[in-house]
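Below you'll find the structure, written out as structure tokens, and then a few comments.
The values are calculated or read from the model by the stated rules, or taken from the named source; none is laboratory data. The structure presented is a predicted model; accordingly, all values stated were derived computationally and were not measured. Cβ atoms come from the backbone with ideal geometry, glycine included; neighbour counts cover every protein chain shown.
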Amino acid sequence: MANNLKLSNGAANGSADGLTALCDSGYVRIYDGTQPATADTALSGQTLLAELRFGAPAFASAVNGVATANSITADTSANATSVATWFRVLKSDGTSVLFDGTVGLAGSDMNINSTSIVVGAEVSVSAFTYTQNKG
């Protein structure tokens, strides 16, 4: 028989809340280039454009498996000039990777003020949600 796992809203909320709690006081690093195949894949030539910080708590409690980020501290001086294409979230230790996603102006995993990053410019998040797949 085929696999067909489905999560209840309660289970999806618990899973989302557990993961997003690991983001407390963590980092969002924004890069150019191609997003790696998995969050466990090392960087390979991508340039760090900006680094932002989560507060604590980083996210509000999930509803129907969707957790919305609380205010994220902007990077007031971007590291490099390029086009932002993806991000990586790390725990507060700055080394433990949690997950990756796409960046854009709208409709991405994380929406930012501009994908055309210029060194020294401010980079801020306009919308960021984490959605637990319920199957």
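Worth a mention:
- If you check 121, 56, 78 for being under 16 Å from the mean Cα position of the chain (by Cα), at pLDDT 95 or above and hydrophobic (A, V, I, L, M, F, W, C), only one passes: 56.
- When residues of the stretch 77-112 are limited to those that are among the β-branched types (Val, Ile, Thr) and out of contact with any Phe, Trp or Tyr (no Cβ under 8 Å at 6 or more places or on another chain), the one surrounded by the fewest Cβ atoms within 10 Å (Cβ to Cβ): 95
- Take the conditions (1) of a type in the set (S, T, N, Q); (2) in contact with a strand residue (DSSP E or B) (Cβ under 8 Å, 6 or more places away or on another chain); (3) at pLDDT below 95; residue 4 misses just one of them, which is (2).
- Flag if residue 126 is of a type in the set (Ser, Thr, Tyr), assigned to a loop (DSSP other than H, G, I, E, B), within 16 Å of the chain's Cα centre (by Cα) and modelled with pLDDT of 95 or more: no
- Residue in the stretch 63-78 that is nearest to residue 116 (Cα to Cα), counting only those that are assigned to a loop (DSSP other than H, G, I, E, B) and in contact with a Gly (Cβ under 8 Å, 6 or more places away or on another chain): 78
- Extreme residue, surrounded by the most Cβ atoms within 10 Å (Cβ to Cβ), among residues of the stretch 43-63 that are farther than 20 Å from residue 129 by Cβ and not hydrophobic (A, V, I, L, M, F, W, C): 46
- For the stretch 97-105, the condition of being assigned to a loop (DSSP other than H, G, I, E, B) and more than 26 Å from residue 15 (Cα to Cα) holds for at least one residue.
- Residue list for the stretch 32-62, restricted to those being among the small types (Gly, Ala, Ser), farther than 16 Å from residue 17 by Cα and assigned to a loop (DSSP other than H, G, I, E, B): 33, 37, 39, 42, 44, 45
- Among the residues listed as 100, 109, the single one being touching a residue at least 60 places away in the same chain (Cβ under 8 Å) and within 18 Å of residue 16 (Cβ to Cβ): 100
- Residue satisfying condition, being crowded, with 16+ Cβ neighbours inside 10 Å and over 14 Å from the mean Cα position of the chain (by Cα), within set 40, 17: 17
- Selection of the stretch 4-19 for residues being of a type in the set (D, E, K, R) and closer than 24 Å to residue 96 by Cβ yields only 17.
- Cβ-Cβ under 7 Å pairs, at least 6 apart or on other chains, the stretch 82-96 side under 15 Å from residue 112 (Cα atoms) and touching a residue at least 40 places away in the same chain (Cβ under 8 Å), far side among the basic types (Lys, Arg) and surrounded by fewer than 20 Cβ atoms within 10 Å (Cβ to Cβ): none
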